[in-house]
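Visitor: One structure coming up, written as structure tokens, with questions to follow.
The values are calculated or read from the model by the stated rules, or taken from the named source; none is laboratory data. Predicted, not measured: the structure shown is a model, and the values here were computed from it. As a convention, Cβ positions derive from the backbone with ideal geometry for all residues, glycine included, and neighbour counts pool all protein chains shown.
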Amino acid sequence: MRYVVIDDVGTVVNPIGLKGQIHGGIAQGLGQALMEQVVYDRESGQNLTGSFMDYSMPRADAMPYMEITSNPVPTKRNPLGAKGAGEAGTVGALPAIINAIVDALSLLGVKTLDMPATSARIWHAIRDARA
């Protein structure tokens, strides 16, 4: 329904750029958690997901409402007090998304789920938990 993130990136130099980096990181994490999967043919080794027609990536319509907030604690390692922010969105997105799915499926006996959490993997996890 929504995604809330609070990051410590030190002194915020460019608030709009910061939100864009975090938003992009969350999109990357969402893609890795839910849909991005490289598939090869077992016999030939041919990549079957070699184009964006076959390799799913998140688009704007797949993104949840996001509330992005900063809790800046300046670092003493540089004169601006700024810290990196590029990976911040991805790091939290993966466990948040997978844990939410496993929590939703826990009533069915699902305890773990490999990424990406595709429809097929979710179906197999439910089937295996019932067995």
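Visitor: Just checking, which of GLU67, GLU36 is charged (D, E, K, R), in a strand (DSSP E or B) and at pLDDT 90 or above?
Guide: GLU67
Visitor: In segment 26-84, how many residues are farther than 22 Å from ARG121 by Cα and crowded, with 17+ Cβ neighbours inside 10 Å?
Guide: 4
Visitor: Then there is this: Out of all the residues in segment 56-63, is one or more under 16 Å from VAL5 (Cβ atoms), under 15 Å from the mean Cα position of the chain (by Cα) and in a strand (DSSP E or B)?
Guide: Taking every residue of segment 56-63 in turn, none turns out to be under 16 Å from VAL5 (Cβ atoms), under 15 Å from the mean Cα position of the chain (by Cα) and in a strand (DSSP E or B).
Visitor: Ok, one more. Test SER44 against the criterion of being of a type in the set (S, T, N, Q), in a loop (DSSP other than H, G, I, E, B), out of contact with any Ser or Thr (no Cβ under 7 Å at 6 or more places or on another chain) and modelled with pLDDT under 95, and give yes or no.
Guide: no
Visitor: Continuing with the same structure: For ILE122, indicate whether it is closer than 26 Å to VAL4 by Cβ and surrounded by 11 or more Cβ atoms within 10 Å (Cβ to Cβ).
Guide: In short, yes.
Visitor: Let me ask you something else. Any chance you could count how many residues in segment 1-23 are farther than 22 Å from ILE101 by Cβ and outside any strand (DSSP E or B)?
Guide: Residues flagged as farther than 22 Å from ILE101 by Cβ and outside any strand (DSSP E or B) within segment 1-23 amount to 13.
Visitor: Something else about it: For the condition in a loop (DSSP other than H, G, I, E, B), small (Gly, Ala, Ser) and under 19 Å from the mean Cα position of the chain (by Cα), what is the one hit in ALA93, ALA85, ALA104, ALA100?
Guide: ALA85
Visitor: Can you name the number of the only condition in (1) out of contact with any strand residue (DSSP E or B) (no Cβ under 8 Å at 6 or more places or on another chain); (2) over 30 Å from ALA131 (Cβ atoms); (3) assigned to a loop (DSSP other than H, G, I, E, B) that ASP114 fails?
Guide: (2)
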